[in-house]
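Right, one structure below, let's go through it.
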Amino acid sequence: MIEYHQSVDSTNNRAKELARDGMPEGTAVVSREQTAGRGRLGRSFHSPEGQGLYFSLILRPDCPPARLMHLTCAVAVATCDAVSDVTGFRPGVKWINDLIAKNKKLGGILTELSVSPTTGLVEWAVVGIGINLCQTEFPPELSEIACSLAQITGSVPNPHQLTQALLERLMQMSQQLLSHQSDIMECYRRDCVTLGKRITVISPEPRQAIALDVADDGALLVDYGDGILKKVNAGEVSVRGLMGYA
Ligand code: BTN
């Protein structure tokens, strides 16, 4: 079931309501506009009417939350697959959840979970995906760092085709999420444009490092210059490339 809206605050908020009401895995929410689109680490996601795809999906993986550390990475690979299916263009991924094209942000992923206090198992996960489809201009604060699929491919993708492709790829991913974790992470490493780059880890004060690998739990493995690999977890920090957004 896909629930369509003209306007909502956030498709993730609406999908979370539906998940709490007991709607099953595979239930999706799509809106033409979000008035309070959200990103990772409390950031906002610019979501103007008719210009982007704003999509959230309910999953119900039956496991403890510690088994889902790679969920955002798995969603990123499935999203790249879907965009590639529909447009022929495969985006990159800036660790951990940004979709990238030509060193600019094409979209992003926000995953949210609820855990049962009695069983300690995941009750539901909502995976939210925002993709800039046809903007030719962005607000001043985004103009240097954001881009749209139309700018990259030269044509406006069909939002309905992209919604269907996302749904298919994400449901396939959900079947393999626990059984094929290392294969999924191998695909993520291939898509991740952060690897091999000099980056700034903002945690909370900025430190320069080289991004060397991504662990199977989604953590970024960096070298701060002393030759020792250190783990950076997505919940704590963001990273910036030294040249441009990615
Ligand atoms: C980020 O930039 O950190 C992630 C952005 C995720 C945006 C999508 S749009 C659909 C869903 N609803 C939201 O409020 N956020 C996600």
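The values are calculated or read from the model by the stated rules, or taken from the named source; none is laboratory data. Note that the structure is predicted; figures quoted are calculated from it, not measured. All Cβ positions, even for glycine, are placed from backbone atoms using ideal geometry, and neighbour counts span all protein chains on display. All accessible areas refer to the heavy atoms of the entire protein, side chains included, with ligands and DNA or RNA removed. Shrake-Rupley method; radii C 1.70, N 1.55, O 1.52, S 1.80 Å.
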Percent antiparallel among DSSP beta bridges confined to the chain, rounded to 5, stands at 85 percent
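Counting other Cβ atoms within 10 Å, which GluC sites (Glu not before Pro) in segment 1-55 have at most 13 and lie in a DSSP loop? Kindly include the intermediate steps, with their values, before the conclusion.
On the way: sites: 3, 17, 25, 33, 49; in loops: 25, 33, 49.
Of the GluC sites (Glu not before Pro), the ones in loops of segment 1-55 whose Cβ has at most 13 other Cβ atoms within 10 Å are 49.
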Looking only at lysines whose Cα falls under 20 Å of residue 231's and that sit 8 or more positions away or on another chain, we get 94, 197
From highest to lowest solvent-accessible area (probe 1.4 Å; ligands, DNA and RNA excluded), 138, 55, 89 read 89, 138, 55
Output ordering of 38-47, 169-178 (per-residue mean of other Cβ within 10 Å, highest first) is 169-178, 38-47
Filtering GluC sites (Glu not before Pro) in segment 144-190 by DSSP loop and by at most 12 other Cβ atoms within 10 Å leaves 144
Sorted largest first, the C-alpha extents of segment 111-230 along its principal axes in whole angstrom are 47, 43, 28
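How much accessible area per residue does the chain have, counting only protein heavy atoms and a probe of 1.4 Å, in square angstrom?
Dividing the accessible area of the chain by its residue count gives 45 Å².
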Carbon/sulfur accessible area of segment 12-156, % of total, 1.4 Å probe, equals 50 percent
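How high is the relative contact order of segment 1-158, in percent, counting Cα pairs under 8 Å that sit 6 or more residues apart?
Values: 330 pairs, mean separation 33.4, N = 158.
It rounds to 21 percent for segment 1-158.
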